[in-house]
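Data block below; observations after.
The values are calculated or read from the model by the stated rules, or taken from the named source; none is laboratory data. Not measured: the values here are computed from a predicted model. We place every Cβ from the backbone using ideal geometry, glycine too, and count neighbours over all the protein chains shown.
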Amino acid sequence: MSERPGDADEREQAIGESGEPPVPDAESSPGSGEPAQAGAEVAGDGGGAGAAEAVAHPGVTETDAVQIPEAHEVDVPDDLRAEIEEIMGRYPQKRSASIPTLWAIQRRYGWCTPEGIRQGAAVMGVTAAYLESVASFYDLFHLSPAGHHRVLVCTNISCWMRGGDELLESFCAAAGADPEAAAHGGAVSADGEIYVSGFECLGACDLAPMASIDERYYGPLDGDDAEAAVASVKAGSEVLPEKAMAIRPAAGGPDGEPDAHVAG
Ligand code: FES
């Protein structure tokens, strides 16, 4: 399922760092803010498709998936633990922290690794199956290796009419990724560094043709921009500063003022 963020305030990230995860279960009943006992977790998380996927995931045993990891059994990097705890502090319901926690895991490891999910689950006091079921719902979370940088090229109608398909091919050529695979689910560059994928409307049609590069929006782009962007990503330098949505004036804002929601 593709996300279609419609809120202008949120469109810099196709999934914002808020919002309730889509997987209801017994533990998420209203008023439940504390971890359930392991047995209740099994009942709550074990019956959904997400749990089944989690159990089937390499590296996640059935026992690991359906029980809340004991905090002392999981070695969580201090900075990751602190980040997740800070995220949890923003919400009255711990499960509301699932999506930003998954972002933190993916940023750290490049994808939502089984161990990363287990670490997040241990800090949050939920099962790994629950976190993985949330991750599996969204295209933007990866449950297999997907490079350290992500380029999503919009190929929906507005961008397609302005060369979105050709732009995707340009990014693939620059990154060394298979264009056919990129157009059908995504492809990782030969060096394993950059994930390139076509994507349905990213909600920034006024930038057409545009792309999301490491969760920042850029456009309008051409083939030369694709080459320059990939070179910058590989070099760790600033990507296409003149094409960044963050520098565009905000609608209704003072002339020339970048959009405060996305700048920086
Ligand atoms: S068609 Fe909407 S962002 Fe490309």
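Odds and ends about this structure:
- Contacts under 9 angstrom Cβ, first residue in the range 157-172 being under 25 Å from Lys234 (Cα atoms) and aliphatic (A, V, I, L, M), partner part of a helix (DSSP H, G or I) and near the ligand (Cβ under 7 Å from one of its atoms), 6 or more apart: Leu167/Cys159
- Hey, Ala121 farther than 21 Å from Asp214 by Cα and touching a residue at least 12 places away in the same chain (Cβ under 8 Å) or not: yes
- Complete set of residues in the range 148-182 that are charged (D, E, K, R) and either near the ligand (Cβ under 10 Å from one of its atoms) or over 19 Å from the mean Cα position of the chain (by Cα) (or both): Arg162, Asp165, Glu166, Glu169, Asp178, Glu180
- The one condition in (1) more than 21 Å from Trp103 (Cα to Cα); (2) modelled with pLDDT of 95 or more that Gly253 fails to fulfil: (2)
- Taken over the range 88-103, the criterion of being farther than 20 Å from Gly186 by Cβ and either surrounded by fewer than 24 Cβ atoms within 10 Å (Cβ to Cβ) or in contact with a strand residue (DSSP E or B) (Cβ under 6 Å, 6 or more places away or on another chain) (or both) is satisfied by Met88, Gly89, Arg90, Tyr91, Pro92, Gln93, Lys94, Ser96, Pro100.
- Filtering the range 191-210 to residues that are closer than 21 Å to Pro249 by Cβ, out of contact with any helix residue (DSSP H, G or I) (no Cβ under 7 Å at 6 or more places or on another chain) and either charged (D, E, K, R) or not in a loop (DSSP other than H, G, I, E, B) (or both) leaves only Asp206.
- Pair list, Cβ under 7 Å, 6 or more apart: the range 94-117 residue over 16 Å from Tyr195 (Cβ atoms), other residue among the acidic types (Asp, Glu): Ser96/Glu20; Ile99/Glu17; Pro100/Glu17; Ala104/Glu83; Ile117/Glu132
- Filtering the range 183-214 to residues that are within 16 Å of the ligand (Cβ to nearest atom) and not aliphatic (A, V, I, L, M) leaves Ser197, Gly198, Phe199, Glu200, Cys201, Gly203, Cys205, Asp206, Pro209, Ser212.
- Evaluation of Leu140 against (1) surrounded by fewer than 23 Cβ atoms within 10 Å (Cβ to Cβ); (2) touching a residue at least 24 places away in the same chain (Cβ under 8 Å); (3) away from the ligand (no atom under 16 Å from the Cβ); (4) among the aliphatic types (A, V, I, L, M) (one fails), failing number: (3)
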